[in-house]
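*Asks:* Could you have a look at this structure, given as C-alpha cells, before my questions?
The values are calculated or read from the model by the stated rules, or taken from the named source; none is laboratory data. The structure displayed is predicted, hence computed values, not measured ones. Methodologically, a virtual Cβ is constructed for each residue, glycine included, from the backbone with ideal geometry; neighbour enumeration extends over all protein chains shown.
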C-alpha cells in the first residue's frame with residue numbers, strides 16, 4: 001500500500017490521481033526548462049514566438065529580455081508595448097496580469113505562490129498579481145502574491161511589495177511604503193522598441 005506525505009494510506013483512485021498529477025508536473029517542469037533555454041536566444045522575435053506557443057499571452061510590441069524565468073506560463077498575460085527586463089522571474093502559478101506600457105527593470109521577481117508558514121504541512125497558497133498600465137518597476141524589486149499595483153505607480157529599486165500600491169504612488173523600501181506621488185497624471189507615452197540582442 002502507498003502512503004501520502006502525512007503517512008495516510010491511499011486508495012487506488014487516489015494513487016491514480018497522484019500519478020496523473022505527477023506526470024503533469026514533470027511535463028510542466030520540462031516546459032519550464034525549455035523556456036529557460038529559449039530565454040538565452042538573442043532574438044526577441046524568436047523568444048516571443050516560443051513564449052506564445054507555451055501559453056503566455058503577449059500583446060503587440062511587448063518584449064521580454066534574455067534570461068527570463070517562468071514557473072508556469074499558462075497564467076501569464078502581458079499587455080501591449082510593455083518591456084520585461086533581463087533575468088526577470090514571472091510566476092504563473094496563479095494569474096499574473098501585466099498591463100500596457102509597463103516597464104519592468106532587470107532582475108525583478110514577481111511571485112504569486114508562497115508557503116503558509118503557519119500550516120503544519122507548510123502548504124502552498126496562491127493569489128493573483130495585477131500590474132496595471134503605465135507602471136514602472138525598478139531593478140531587483142520583489143512582488144509577493146495578492147498584490148495589485150495601480151495605474152501609473154512607480155516601485156523603487158530593491159523594494160519588497162507586500163500589499164497593494166495605489167495609482168500614481170511612488171513606493172520604496174522593505175516592506176514597500178509610499179514615499180511620493182507621480183505628478184504627471186495623464187500618461188500616454190510609448191516605451192518603444194527594446195534592444196534587439198538583449
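*Asks:* Among (1) free of Cβ contacts under 8 Å to residues at least 40 places away in the same chain; (2) over 17 Å from residue 147 (Cβ atoms); (3) assigned to a loop (DSSP other than H, G, I, E, B), where does residue 100 come up short?
*Replies:* Unmet condition: (1).
*Asks:* Tell me which residues, restricted to the stretch 160-198, are under 22 Å from residue 83 (Cα atoms), touching a strand residue (DSSP E or B) at 6+ places or on another chain (Cβ under 7 Å) and loosely packed, with under 14 Cβ neighbours inside 10 Å.
*Replies:* The answer is 164, and nothing else.
*Asks:* Kindly provide the set of residues from the stretch 104-158 that are within 24 Å of residue 168 (Cβ to Cβ) and more than 15 Å from the chain's Cα centre (by Cα), ordered by number.
*Replies:* Across the stretch 104-158, the qualifying residues are 133, 134, 150, 151, 152, 153, 154, 155, 156, 157, 158.
*Asks:* Would you tally the residues in the stretch 72-97 being in contact with a strand residue (DSSP E or B) (Cβ under 8 Å, 6 or more places away or on another chain), in a loop (DSSP other than H, G, I, E, B) and either crowded, with 20+ Cβ neighbours inside 10 Å or free of Cβ contacts under 8 Å to residues at least 40 places away in the same chain (or both)?
*Replies:* Result for the stretch 72-97: 9.
*Asks:* If you don't mind, another one. Looking at the stretch 56-67, which of the residues that are in a strand (DSSP E or B) and surrounded by 20 or more Cβ atoms within 10 Å (Cβ to Cβ) is modelled with the highest pLDDT?
*Replies:* Residue satisfying both the conditions and the ranking: 58.
For every residue, the table says whether it meets (1) more than 17 Å from residue 86 (Cβ to Cβ); (2) in contact with a helix residue (DSSP H, G or I) (Cβ under 7 Å, 6 or more places away or on another chain); (3) surrounded by 12 or more Cβ atoms within 10 Å (Cβ to Cβ); (4) modelled with pLDDT of 90 or more.
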site: 18; (1), (2), (3), (4): yes, no, yes, no
site: 33; (1), (2), (3), (4): yes, no, no, yes
site: 54; (1), (2), (3), (4): yes, yes, yes, yes
site: 69; (1), (2), (3), (4): no, yes, yes, yes
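*Asks:* Among the residues of the stretch 35-48, how many are exposed (fewer than 14 other Cβ atoms within 10 Å of the Cβ) and in a helix (DSSP H, G or I)?
*Replies:* 4
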